[in-house]
Amino acid sequence: VYNAAPDWSVLVGDALGVPEPQLFLHQHHYQGKTFSFTGIRVSSPLSLLVNGRRPPGPALAPARLALHNPPSPD
């Protein structure tokens, strides 16, 4: 689940509904071996249903802005 707040989670035994799931096949090659698995991308926890209800607003991670200003060459 992308963009989930660090302190939000689901518990073992929770019923999880994923409306409009997007299934992706991941294939990675590392040191001559191939690893492949399928995954379901969920762009926001607010799009889920947990035990028949939408998660609360704080389940969504707040936006962060990061700036980097490298020093100019002298």
Checklist entry - Which one of L11, H29, L65 is farthest out on the positive end of the charge dipole of the chain, using unit charges on Cβ (Lys, Arg +1; Asp, Glu -1) and the Cα centre as origin? => result L11
Checklist outcome for this item: Any residue on another chain or 5+ positions along whose placed amide H is under 5 Å from the amide H of A4 is listed here as A61
Checklist entry - Could you give the dipole magnitude of the chain about its Cα centre, charging the beta-carbon of Lys and Arg +1 and that of Asp and Glu -1, in debye to the nearest 20? => result 160
Item to check | Among (i) 1.09; (ii) 1.60; (iii) 1.45, the entry derived from the coordinates for Cα Rg over 2.2 N^0.38 Å | outcome: (ii)
Item to check | Accessible heavy-atom area order of R64, R53, highest first, probe of 1.4 Å | outcome: R64, R53
Item to check | Within the stretch 1-60, chymotrypsin sites (Phe, Trp or Tyr not before Pro) in DSSP loop having at most 12 other beta-carbon neighbours inside 10 Å | outcome: Y2
Next on the checklist: Given a 1.4 Å probe and heavy atoms of the protein chains only, how would you sort H68, H28, largest accessible area at the top?
Outcome noted: H68, H28
Checklist outcome for this item: Per the rule of 0.36 nm per residue minus the C-alpha distance, extending L49 to L16 adds in nm 11.3 nm
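The values are calculated or read from the model by the stated rules, or taken from the named source; none is laboratory data. All values derive from a computational prediction rather than experimental measurement. In this analysis, Cβ positions are derived from the backbone assuming ideal geometry, glycine residues included, and neighbour counts consider all displayed protein chains. In case anyone asks, the SASA skips ligands and DNA or RNA and just uses the protein heavy atoms, side chains included. Shrake-Rupley method; radii C 1.70, N 1.55, O 1.52, S 1.80 Å.
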